[in-house]
Amino acid sequence: MRIAVIGGGMIGLALGWRLARRGAAVAVFERDTVGHGASHAAAGMLAAACEAEPGEAALGVLSRESLGLWPAFAAEIEAASGCSVGLRREGTLVVALNRDDAAKLRHDLAFQRSQGIDLEWLTPGEAREREPYLAPQLAGAIFSPGDIQVDNRAVMAALRVAFQRAGGVLHEHATVERVATEGGCASGVVVAGEVHAADVVVLAAGAWSGGIDLPIARPPVRPVKGQMLAVQMDPAAPLLRHVVWAPKAYLVPRADGRLIVGATVEERGFDARMTAGGMYSLLDGAWRALPGIEELPLIETWAGFRPGSRDDAPILGPTALPGLMMATGHHRNGILLTPVTADALAATILDGAPDPRIAGFGIGRFERMRAAA
Ligand code: FAD
Ligand code: GLY
C-alpha cells in the first residue's frame, strides 16, 4: 500500500514509522524540515493525570491509554534509531502556593481520583522533601507518579532516523497544496503542481491542517499560540528534578540542566512574535514557585502553535472522502497522544477497520454537533 502523510511533526513521523515497519510504502511530505512545528516547541510532558479535566472523559481514557504505551514506544524508537529520547520517570508535582490554590487542588484531586488516577496529596513539608527549592510558603501539592516526560526534540531526531531506517521516504521543503482525487477517492498529494500518487493520504499538518485544499470540509483546527522559555541549571546540582505545575506556569527539568518554563495560551493566529507580557507572566509564575530561578541564565525563548480543534480533542480516522484519513487537532497533548494515534491509525489503515480506541474522535462528530444544535 502507498501512503502519503502530510506533515512531518511527531504525529506524521510516528505514524509513518509504524506504517513503514509493517511494510507499507510511506512518504512523509514536510513543508519545512521535520521537527520545527509544535513537536519542537512542546515541553514533552506526558500529563495524562494533571491535564485531565471534567467534561473530557473520553479524551482522558485515550490519554491514559497512550501514556501506558509510551515506555515501550520510547524503547522501540531508541532501539530502532540508536538515539535516546530522554524519558524521565520522576513524576509530577502540582503545587499550591496559597489556601485558594490548595482548595482548588483538592477539588481537582477528587475528580481525578474518581477517574481511577493514582495521585497522592502531599503536605508542604512532604513536597519540600522531594523538591527543597520550592517556595517556602507552599500550601500543599499533588504528586502524580504517572505523569512522566520525554525530551520531544530528542524524540523527533530519533523518529526521523527510525522512519528512514524502516524504508520511509522523507520529502522536506515539500509543501502539499492539495489532496488529489480520482473516482471519488483520495489518490495522492499535489506538491509544486505535481501529483504524488498514493492509495491513502493522511492529513497530519498540525495547526496548519485547516489550510490545505481538500474536496471535503476542512478540519476545524486553529493555531493556539504558546510562548516558552528555558533557563540553564547546573546539571550536577539541578534546582528541580520533578516536573512542577504551579498555578501560573509549569517547569520541566531536562537531564542536561535545561529548565523549560511554559506556556502561554493565546489566540493570535500564526503570529510567532515573543511578547514582553508573555515572558513576564511565565517568569513571574515560575519565580513564585521556585524563587531560585532568578539566578539562572536565560538561554532560549520560543513560540509554537498547538493544533486546537473545536472541542480540544484530536480528529482521528477516516473521512467522507474514501482514502483520506485525519490525524490532527491534538492541541495541548499531542506528544502524550502520539503512540496511541500512530498505533490506532496504522491499524485502521492497514487492517481495514477503524481501531475502536479512536472511534469517538472522527471528524463526523462536528457535523453531528452542528445538526444537534
Ligand atoms: P506539528 O509538530 O506542528 O507538525 C505539523 C507539521 O506539518 C509541521 O512540521 C509543518 O511544517 C507541517 N506542515 C504544515 N502544513 C504543511 C503542508 N501544507 N505541507 C507539508 N507539511 C506541512 N503536548 C504534550 O503532549 N505535552 C506537552 O508538554 C506539550 N507542550 C506544549 C507546549 C507548547 C508551547 C505547544 C505549542 C504545544 C505543546 N504540546 C504538548 C502540544 C503538542 O506539541 C502538539 O499537540 C503536537 O506536537 C502536534 O503534533 P503534530 O505533528 O500534529 O504537529
Ligand atoms: N501541554 C502543555 C501546553 O500545551 O502548554
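Here the residues VAL34, VAL189, VAL195, ranked from fewest to most Cβ neighbours within 10 Å of their Cβ, fall in the order VAL195, VAL34, VAL189.
The string of couplings for the range 280-288 from the Karplus curve (6.51, -1.76, 1.60, θ = phi - 60°) is 4, 5, 5, 5, 5, x, 6, 5, 5 Hz, one whole number per residue in order, with x for Gly and Pro. Ranked for footprinting exposure by Cβ neighbours inside 10 Å, fewest first, ILE293, ILE299, ILE335 give ILE299, ILE293, ILE335. So how tilted is helix 99-114 from the main axis of the chain? Cα-based, degrees 0 to 90, rounded to 10. Relative to the chain, helix 99-114 is tipped by roughly 50 degrees. One Cα centroid belongs to the range 3-64, the other to the range 71-144; the line between them spans 23 Å. Would the range 1-75 count as rounded, prolate or oblate if I go by the C-alpha gyration tensor, calling it rounded below 1.5 in a/c and otherwise prolate when a/b exceeds b/c, oblate otherwise? Prolate, since a/c reaches 1.5 and a/b exceeds b/c. Taking amide H as placed 1.01 Å from N in the peptide plane, the amide H of SER187 sits under 5 Å from that of ALA180, THR181, GLU182, each at least 5 places away or on another chain.
Taking the number of Cβ atoms within 10 Å of each Cβ as an exposure proxy, the fewest-first ranking of PHE143, PHE163 is PHE143, PHE163.
3J(HN,Hα) along the range 262-275, derived from phi through the Karplus expression 6.51 cos²θ - 1.76 cosθ + 1.60 where θ = phi - 60°, amounts to x, 9, 6, 10, 10, 9, 10, x, 9, 6, 8, 5, 7, 10 Hz, with x in place of Gly and Pro. By how many degrees, 0 to 90 and rounded to 10, does the Cα axis of helix 57-81 deviate from the longest principal axis of the chain? Computed tilt is about 80 degrees. When you count the other C-beta atoms within 10 angstrom of each residue and take the mean per peptide, 39-45, 203-209 line up highest first as 203-209, 39-45.
Computed packing ranks the peptides 146-158, 99-111, 356-368, 80-92 as 146-158, 80-92, 356-368, 99-111, most packed first, by mean other Cβ atoms within 10 Å. Calculated FRET efficiency, ALA197 to GLU367, Cβ-Cβ distance, R0 = 35 Å: about 0.75 to the nearest 0.05. Where both bridge residues fall in the chain, DSSP classifies roughly 70% of the beta bridges as antiparallel.
Quick note: the coordinates plus some simple rules give every number you see, no bench work behind them. Please read all numbers here as calculations on a predicted model, not as lab measurements. Cβ atoms come from the backbone with ideal geometry, glycine included; neighbour counts cover every protein chain shown.
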